[in-house]
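S.K.: Submitted below is the structure of interest, expressed as structure tokens.
The values are calculated or read from the model by the stated rules, or taken from the named source; none is laboratory data. As the structure is a prediction and not an experimental result, all values here were calculated from the model. Here the Cβ is made from the backbone with ideal geometry for all residues, glycine too, and neighbour counts use every protein chain on show. Heavy atoms of the whole protein, side chains included, go into the accessibility calculation; ligands, DNA and RNA do not. Shrake-Rupley method; radii C 1.70, N 1.55, O 1.52, S 1.80 Å.
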Amino acid sequence: MKILTVVGTRPNIIKITQFSRVAATHPGCQHRLLHTGQHYNHNMSDVFFEELGLRQPDYALRITRQGVVSQLAEMMQGIEGVVEAYRPDVMAVVGDVNSTLAAALVANKMGVQLAHVESGLRSRDRTMPEENNRMLTDAITDRFFVTEEDGRRNLLQEGKPEKSIHLVGNTMIDTLVAYDAQIRQSGILERLRLAPKAYALMTMHRPGNVDTREGLEKLIATIDSLTEADTIVFPVHPRTLNRLNEFNLFGRIERNGRLILMEPAGYLDFQHLVLHARYVITDSGGIQEETTFRRVPCLTLRPNTERPSTITTGSNTLLGFDAEKIRQTVASIHQGTYKACGVPPYWDGKATERIFAVLNGQ
Ligand code: UDP
């Protein structure tokens, strides 16, 4: 069986690190990787292949056009060429980014079976581009690989056949488990002159939070308030940096003496920072799951999440930009009264093995 996995962004790459290794344990499987080039900066893409020792993509597209629709069209044309040349039996797409949707549409139009890894998640917030990508991709998916029970329930409610839905766990956690020893060895805390638990870690990049001046002003106010009690380490996503510069707000956050600004971190350094953070404050999808696995308190500055098990079982709390709620939650972390946290079923480092066993008909 020929499997073509398509990735395009930082979180996609982190979700497929075990695919080639596991495919190699299935003699009937041939696995190829296609990178659409949606994320192309060194620190948003190449760094992960380098530090995680991943084989370079078998096919790499280059995006030249600006604008979401033009990029989708360009990616689809490039993926079509690869499908014509390689003729896969199955295409595996990951997560909820534009590359996911582009590849899903190509698979559907070219009659290739489509497997969606991390399917079924729903924030029910159609203002999020990711929610639209998830729903559109799942509408044409043949094999659904689900990370948590809620995803399975959503797909059943949408009328998907039960036998096509597989609750396999979380491939992002597979990566954490596989690289745990290297994560623990990172020297990032020494380089930043920080002690374990003496800082909070922040990431922020959702369009709903960073694309307007009003959103950025709220973010800056939140940072100013949090740094009264904690040093914050903030690796800044390229989108957020662009918006801060566009609105002439970068100087405002740069002035804060308890805020450590840095470029997007490599995976091992970033996960070392997560592991030793007092808490993480974020609007990321994946980081809600990684903090749950590590049992590190996670404050999510969004009105909703598509990953509810991180709240019901895990260490995540949804806060939006409610200053009072944020203050109270941080106080509970400082006082040691923050909720008890567990890890959802199958988040055990073996999700990729389960996926390939299903694809290989075992
Ligand atoms: N990540 C990283 N360096 C950073 C910030 C995040 O390696 O500076 C990793 C993080 O551990 C997670 C993934 O990138 O595995 C999450 O990506 P992001 O938040 O961009 O995407 P989302 O999950 O929100 O789609």
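S.K.: Starting from the coordinates of the alpha-carbon atoms of the range 97-155, obtain the Kirkwood hydrodynamic radius over all distinct pairs and give the value in Å to one decimal.
M.R.: 11.5 Å
S.K.: Charges at C-beta only: +1 for Lys and Arg, -1 for Asp and Glu. How large is the resulting dipole of the chain about its Cα centre, in Debye rounded to 20?
M.R.: Dipole size: approximately 240 debye.
S.K.: Further question: Obtain the nm distance between the two label points defined at Gln335 and Arg124 by a simple spin-label model: each point lies 7 Å from its Cα along the Cα-to-C-beta direction.
M.R.: Calculated label separation equals 3.2 nm.
S.K.: Also: Quick one: which residues, 5 or more positions from His205 or on another chain, have an amide H under 5 Å from its amide H? H modelled 1.01 Å from N in the peptide plane, none for Pro or chain starts.
M.R.: Long-range HN contacts for His205: Asp283.
S.K.: Between Gln362 and Ser164, what is 0.36 nm times their sequence separation minus the Cα-Cα distance? Round to one decimal in nm.
M.R.: 69.9 nm
S.K.: Residues of the chain: accessible area per residue at 1.4 Å, in Å²?
M.R.: Roughly 41 Å² per residue, with all protein chains present.
S.K.: Starting at the first residue of the range 99-115, write each ³J(HN,Hα) from the Karplus equation 6.51 cos²θ - 1.76 cosθ + 1.60 with θ = phi - 60°, in whole Hz, x for Gly and Pro.
M.R.: My calculation for the range 99-115 gives 4, 4, 5, 4, 5, 4, 5, 5, 4, 4, 6, 9, x, 9, 4, 10, 10 Hz in order.
S.K.: Using each residue's phi in the range 313-327, evaluate 6.51 cos²θ - 1.76 cosθ + 1.60 at θ = phi - 60° and report the 3J(HN,Hα) Karplus result to the nearest Hz, with x for Gly and Pro.
M.R.: 9, x, 9, 8, 9, 8, 10, x, 9, 7, 4, 5, 5, 4, 4
S.K.: What is the angle, in °, between the Cα long axis of helix 213-226 and the longest principal axis of the Cα atoms in the chain? Nearest 10 is fine, range 0 to 90.
M.R.: 60 degrees
S.K.: Oh, and also: Over the range 189-306, calculate the relative contact order: mean separation of alpha carbon pairs under 8 Å at least 6 apart, over the residue count, as a percent.
M.R.: With pairs under 8 Å counted, the relative contact order is 31 percent.
S.K.: Out of residues 5 or more away from Ser315 or on other chains, whose amide H comes under 5 Å of its own, with H placed 1.01 Å from N in the peptide plane?
M.R.: Hits under the 5 Å cutoff: Thr292.
S.K.: Past 25 Å, Cα to Cα: identify those pairs from Lys15/Lys218; Lys2/Lys163; Lys109/Lys350; Lys2/Lys109; Lys15/Lys339, in the order given.
M.R.: Lys15/Lys218; Lys109/Lys350; Lys15/Lys339
S.K.: Using the Cα centre of the range 152-301 as the reference point, and only Cβ charges (+1 on K/R, -1 on D/E), how large is the resulting charge dipole? Debye, rounded to the nearest 20.
M.R.: 220 debye
S.K.: Going by average Cβ density within 10 Å per residue, which order do the peptides 251-261, 164-174 take, highest to lowest?
M.R.: 164-174, 251-261
S.K.: For Lys2, list long-range residues whose amide hydrogen, built 1.01 Å from N in the peptide plane, is under 5 Å from its own amide hydrogen.
M.R.: Residues meeting the amide H criterion: Gln30, Asp89, Val90.
S.K.: Obtain the radius of gyration and the Kirkwood radius of the chain from its C-alpha atoms and give Rg over Rh.
M.R.: 0.96
S.K.: By how many nm would the segment from Arg21 to Arg184 lengthen if fully extended, with 0.36 nm per residue of separation less the alpha-carbon distance?
M.R.: 56.5 nm
S.K.: Report the relative contact order of the chain, percent, no decimals, based on alpha-carbon pairs under 8 angstrom and at least 6 residues apart.
M.R.: 16 percent
S.K.: Charges on Cβ only, +1 for Lys and Arg, -1 for Asp and Glu, centred on the Cα centroid of the chain; of Thr240, Leu273, Gln18, which one is farthest towards the dipole's positive end?
M.R.: Towards the positive end, the residue furthest out is Leu273.
S.K.: Another question about this same structure. For the range 275-289, take each phi angle, set θ = phi - 60°, evaluate the Karplus expression 6.51 cos²θ - 1.76 cosθ + 1.60, and give the result in whole Hz per residue in order, putting x for glycine and proline.
M.R.: 4, 9, 6, 5, 7, 10, 10, 7, 10, 6, x, x, 5, 4, 7
S.K.: Around Gly349, with a cut-off of 15 angstrom between Cβ atoms, what is the net charge of the other residues, counting Lys and Arg +1 and Asp and Glu -1?
M.R.: -1
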